[in-house]
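**Student:** Okay, handing you the structure first.
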Amino acid sequence: MVKARAGSEKRARASTGGKAARAKGTGAKIAVAPPAIILVNPQLGENIGFAARAMANFGLTDLRLVAPRDGWPNDKAHAAAAGAAFVVEQATVYASVESAIGELNFVLASTARPREMVKTVLSPASAAAELRQRGQKAERTGVLFGPERSGLDNDTIALADAILTAPVSPDFASLSLPQAVLLFGYEWLKGESADLPLGRATAFDGPATEGIAFPDTRPATKVELLGLFKHLEAELDHSGFLYPPEKRPSMVRAIRNMFHRMGATEQDVRTWRGIVASLSKQRPPRGKKVS
C-alpha cells in the first residue's frame, strides 16, 4: 500500500464509529460513511480519472486502487479527473484485493454475470440501500470493480459478500469502468434524500429542481390569463378567425386549453399580449375568413 495504513484506518474510524456514536440516542440523522470504490488492476489512467470524476459527482471520495497496470501516480488519471483531482490525489494503492478490503465489513463485487456462484445479487439501487443500512450500523463497506478488459475474476468475486449487477439490455451488456462507477454512485446519492437538488448551483442561479423553473418570473394568475383571453379573442373576432359563429364556442375552448396546457408564466402572458397587439395592426377585412 502506498499510503500508510494507519492513516486509512484513522479516516475510517473518524468517518464511521465516531459520528455514529455521537448521533446515537440524540434523534439526529446518523452520518453514514460512503462506501470505498475499489478498482482492481485498472489498466488506463484515463479510466481511473473518469471514475474519480464520477465518484465526486455523487459524494464518493474513498478511491482504492489494486495494482494499477501503469503504476501510480498517473498523470493521465489526474488530468482526466478534472475538478475531481482531489479524489485521485488521496487515492490509496494496494498490492492485493485482500489488503484493499481488509478493514471493511461488507463488500460487493460488480459483474455482468453471477458466474454460477451462490451469492446474493443486487441491482445498483438495492446495493446502495443495503450499503446505507450497513453504514448506519457503523459498518465499513466497499464495491469492487474489475479491469477494463476482463472484469473481476472468480477468485476476486469469491472474496465479496454479494454481487452488484446493473439492469442492461440483454443484447448488449458492456459498461465501461467509469460508467459502472457512475451508475452505482448515482444510486448511492439518490438514497441521501428524496429531494436532492439537480445540477450545479452557481453564483448566478441556485440548484435546479424537478418541474418547470421560473427564473425572474412566476406562474400566471387566472386574472392575467383571462385578460389575455379577452384581448386575443376580441382580435380574433375582429379578424374573422372565429368563424362561423356556431363554431366559436368550441374554438375558444380549444384556444384557452392550449394556454392552460403550456403552464403560462406572467412573462408569457405579457409576451403574448404584445404579440396580439403587434399582429392586430394589420388585419384582413372584418368578417372575412382567414385561410
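The values are calculated or read from the model by the stated rules, or taken from the named source; none is laboratory data. Here the structure is a predicted model, which is why all the values come from computation and not from measurement. Cβ coordinates were reconstructed from backbone atoms using ideal geometry, including for glycine residues, and neighbour counts include every protein chain displayed.
**Student:** Looking at the stretch 149-161 only, could you name the residues that are in contact with a helix residue (DSSP H, G or I) (Cβ under 9 Å, 6 or more places away or on another chain) and surrounded by fewer than 17 Cβ atoms within 10 Å (Cβ to Cβ)?
**Tutor:** Those that are in contact with a helix residue (DSSP H, G or I) (Cβ under 9 Å, 6 or more places away or on another chain) and surrounded by fewer than 17 Cβ atoms within 10 Å (Cβ to Cβ): Asp155, Leu159.
**Student:** May I pose another question? Can Glu235 be described as closer than 23 Å to Ala220 by Cα, in a helix (DSSP H, G or I) and among the acidic types (Asp, Glu)?
**Tutor:** Taking the combined requirement at face value, the residue satisfies it.
**Student:** Can you pull out the residues in the stretch 51-69 that are without any contact (Cβ under 8 Å) to a residue 40 or more places away in the chain and in contact with a helix residue (DSSP H, G or I) (Cβ under 6 Å, 6 or more places away or on another chain)? Step through it out loud before you land on a result.
**Tutor:** Within the stretch 51-69, the first condition is being without any contact (Cβ under 8 Å) to a residue 40 or more places away in the chain, and the residues that meet it are 52, 56, 61, 63, 65-68.
Within the stretch 51-69, Ala52, Ala56, Thr61, Leu63, Val66 qualify.
**Student:** Something else now. Here are Val143, Val168: which of them is among the β-branched types (Val, Ile, Thr), surrounded by 21 or more Cβ atoms within 10 Å (Cβ to Cβ) and either modelled with pLDDT under 95 or closer than 25 Å to Ala80 by Cα (or both)?
**Tutor:** On the way: Val168 fails: surrounded by 21 or more Cβ atoms within 10 Å (Cβ to Cβ).
Step by step, each of Val143, Val168 is checked, and only Val143 is among the β-branched types (Val, Ile, Thr), surrounded by 21 or more Cβ atoms within 10 Å (Cβ to Cβ) and either modelled with pLDDT under 95 or closer than 25 Å to Ala80 by Cα (or both).
**Student:** Would you confirm whether or not the stretch 103-112 contains a residue that is in the same structural domain as Asp155 (by TED's automatic domain parsing), farther than 18 Å from Gln179 by Cβ and out of contact with any Lys or Arg (no Cβ under 7 Å at 6 or more places or on another chain)?
**Tutor:** The answer is yes, given that some residue of the stretch 103-112 is in the same structural domain as Asp155 (by TED's automatic domain parsing), farther than 18 Å from Gln179 by Cβ and out of contact with any Lys or Arg (no Cβ under 7 Å at 6 or more places or on another chain).
Here's the yes/no breakdown for (1) in a loop (DSSP other than H, G, I, E, B); (2) closer than 12 Å to Ala160 by Cβ; (3) free of Cβ contacts under 8 Å to residues at least 12 places away in the same chain:
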{"residue": "Arg113", "(1), (2), (3)": "yes, no, no"}
{"residue": "Ala128", "(1), (2), (3)": "no, no, no"}
{"residue": "Glu139", "(1), (2), (3)": "yes, no, no"}
{"residue": "Gly142", "(1), (2), (3)": "no, yes, no"}
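**Student:** Follow-up. Out of curiosity, is Ala77 part of a helix (DSSP H, G or I), among the aliphatic types (A, V, I, L, M), under 19 Å from Ser176 (Cα atoms) and more than 20 Å from the chain's Cα centre (by Cα)?
**Tutor:** So Ala77 fits the description; yes.
**Student:** Here are some conditions: (1) more than 19 Å from the chain's Cα centre (by Cα); (2) part of a strand (DSSP E or B); (3) within 25 Å of Gly191 (Cβ to Cβ). Leu65 meets all but one. Which one does it not meet?
**Tutor:** Failing condition for Leu65: (3).
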